[in-house]
Amino acid sequence: MKKPEKVLSVFDKYTKVVDKNIKQTIDDCSDLLMYQMMSYFMGYLDDNLQKTTSYGGKRFRPGLCLLFAEYYNCFDEAIDVATSLEIFHNFTLIHDDIADGDELRRGRQTVWSKWGINHGINTGDAQLILASKSLEGLLTRNPELGIRVQKFLNQKYLEVAEGQFLDFTYSEMKISDPSITENNIIDMLGRKSGVLVGAATQSAGIIAQVSEKEQERLWDFGYNLGLAYQLFDDMVSIWGNADISGKDELRDIIDKKKTLPIIYLYNNSNKQNSKVLERLYTKKGILNDKEVETVKALLDKSDTKQFVLQRANKAVEIVMDSIEKLSLDKNKKTKLIEITYALLPEAKEMIA
């Protein structure tokens, strides 16, 4: 995977703060190999478990949390929350790699492929607990505020798990199941990808004790940014330029993932094309080159790309509307707009 340098530079100063806090959180635990596995996954240790600095993700969720906290003058109080968000996010990735059978992430072996599935599951579980433990500092300094933030994050963390449940459920269903609609897929993507970004942005508002209306705008900004990111990402996986995106070409089709483009195509095709998709998406194993070409051709001949792009752009419009309504000065709003487009895949370049 290519490092998104432009995005990384936007959050560089926040990443340093969060990484320092995450390292301290892990170092405060025992010297068990389990904690070294966490540090390895976060990019703090190399393959030989020696200290290093490697790409451990964009850190844009905690980055957004700290950016808004800086805007609302509550930066220090938000550090523990930003730490929790990033530890939780990476816990989900450790388990995602097991569920998807992915042996590589960020150009390195995944935890389960390096140490085994049992260690992958257990290390992920322990990291989830550390995500909660990270809030102890805020709870000690300001119990009332800490409890409010903890309650909010617990609910959002649960919603992320709900999204994962729905993803598993839809994956096990036949593509013809009436439950697999475009709206249901978008709801699932929102829980998996939008909720944690929304939690990052709104939590800053909770800490700053801004108005409920302002918190709603922060939520709308983050949730829809996360949703748009995933929708663009699903498009890039099909129509993207691999040299620019760094993604495996047509990987989602090969793996028969029921992404929004595929579900829209199935639900809006004629009977003959729908039967072709149903046959391919119910066969055992991955799709071969010829089968992938068949699916890609059906996608290209339909209005699927336009539909998904329209839905992604709708989410971006909500993001922009939320920015406009926030009680921030013009310079801060301009910065948020720049960040939004830096985070989202550059569709014109990445989508053929």
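The values are calculated or read from the model by the stated rules, or taken from the named source; none is laboratory data. Being a predicted model, the structure only gives us computed values, none of them experimental. When we count neighbours, we look across all protein chains shown, and the Cβ atoms used for this are built from the backbone with ideal geometry, even at glycine.
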Taking the conditions exactly as written (closer than 20 Å to N224 by Cα, free of Cβ contacts under 8 Å to residues at least 12 places away in the same chain and either in a helix (DSSP H, G or I) or more than 24 Å from the chain's Cα centre (by Cα) (or both)), does E293 satisfy them or not? no
Residues of region 134-146 being outside any helix (DSSP H, G or I) and closer than 14 Å to S84 by Cβ, which ones? S134, L135
Here is a list of conditions, (1) in contact with a helix residue (DSSP H, G or I) (Cβ under 8 Å, 6 or more places away or on another chain); (2) assigned to a helix (DSSP H, G or I), and N118 meets all of them except one; can you say which number that is? (1)
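Okay, residues lined up against (1) modelled with pLDDT under 95; (2) within 21 Å of I117 (Cα to Cα); (3) hydrophobic (A, V, I, L, M, F, W, C):
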position: K2; (1), (2), (3): yes, no, no
position: E5; (1), (2), (3): yes, no, no
position: N21; (1), (2), (3): no, no, no
position: L32; (1), (2), (3): no, yes, yes
position: M38; (1), (2), (3): no, yes, yes
position: Y44; (1), (2), (3): no, no, no
position: Q50; (1), (2), (3): no, no, no
position: P62; (1), (2), (3): no, no, no
position: A69; (1), (2), (3): no, no, yes
Of the residues that sit in region 93-122 and are among the small types (G, A, S) and exposed (fewer than 15 other Cβ atoms within 10 Å of the Cβ), which one is nearest to K58 (Cα to Cα)? G107
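Each row is one residue, and each column tells you yes or no for (1) without any contact (Cβ under 8 Å) to a residue 12 or more places away in the chain; (2) acidic (D, E); (3) outside any helix (DSSP H, G or I).
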position	(1), (2), (3)
S132	no, no, no
R148	no, no, no
Q155	yes, no, no
G163	no, no, no
T169	yes, no, no
K174	no, no, yes
Just wondering, is there one or more residues in region 76-97 that are part of a loop (DSSP other than H, G, I, E, B), touching a helix residue (DSSP H, G or I) at 6+ places or on another chain (Cβ under 9 Å) and in contact (Cβ under 8 Å) with a residue 60 or more places away in the chain? no
Residues that are free of Cβ contacts under 8 Å to residues at least 40 places away in the same chain, surrounded by 14 or more Cβ atoms within 10 Å (Cβ to Cβ), in a loop (DSSP other than H, G, I, E, B) and in the same structural domain as G222 (by TED's automatic domain parsing): does region 272-283 have at least one? no
